[in-house]
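Each reported figure results from applying straightforward, stated rules to the coordinates on display, with no laboratory input. Everything numeric here is computed off the predicted structure, so don't read it as measured data. Note: ideal-geometry Cβ built from the backbone for every residue, glycine included; neighbour counts use all protein chains shown.
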Amino acid sequence: MMDDLDRYIAERDAREEGFASLVEAADRRQAFAREMAERRRKRGISQTQIAARMRTSPSIVSRLESGFDVKLSTLEKYVVALGYELVLAAPKPSPKRPRTPQRRPPQRKKKTG
């Protein structure tokens, strides 16, 4: 069953091809940020400590962990400060899902003479 957000995304994607992919990418970034924040907490490291290792402010760490778009270099510093390595990949996109057909109003028949 589609909720309002799913419906909105589908409708917007029908008007602007690729919108749903952008939403999915944002969801992946936020999930990654939550996972990294959880790893930090499990290690008993504060945002202030990570910020010091990164030579940045705790507010930058907070924004990163909240899923805001950040520079790749900032993300890499964060991951390294936690003791990990950031590995990037550029897999080929999966085949397009079929687009939802647009509903068109029925055509009126022209009256003849």
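Summary table below
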| quantity | calculated |
| --- | --- |
| Residue selected from region 48-86 under the condition under 27 Å from Glu24 (Cα atoms) and of a type in the set (Lys, Arg), by the criterion surrounded by the most Cβ atoms within 10 Å (Cβ to Cβ) | Lys77 |
| Sole exception among (1) assigned to a helix (DSSP H, G or I); (2) under 30 Å from Leu5 (Cα atoms) for Ile50, by number | (2) |
| Residue check for Ile45: surrounded by 15 or more Cβ atoms within 10 Å (Cβ to Cβ) and assigned to a helix (DSSP H, G or I) | no |
| Long-range neighbours under 7 Å by Cβ, at least six apart or interchain, first residue more than 18 Å from Gly83 (Cα to Cα) within region 44-71, second outside any loop (DSSP other than H, G, I, E, B) and of a type in the set (D, E, K, R) | Gly67/Arg29; Val70/Arg63 |
| Residue within region 25-32 that is over 16 Å from Leu82 (Cβ atoms), in contact with a Lys or Arg (Cβ under 8 Å, 6 or more places away or on another chain), without any contact (Cβ under 8 Å) to a residue 60 or more places away in the chain and part of a helix (DSSP H, G or I) present | no |
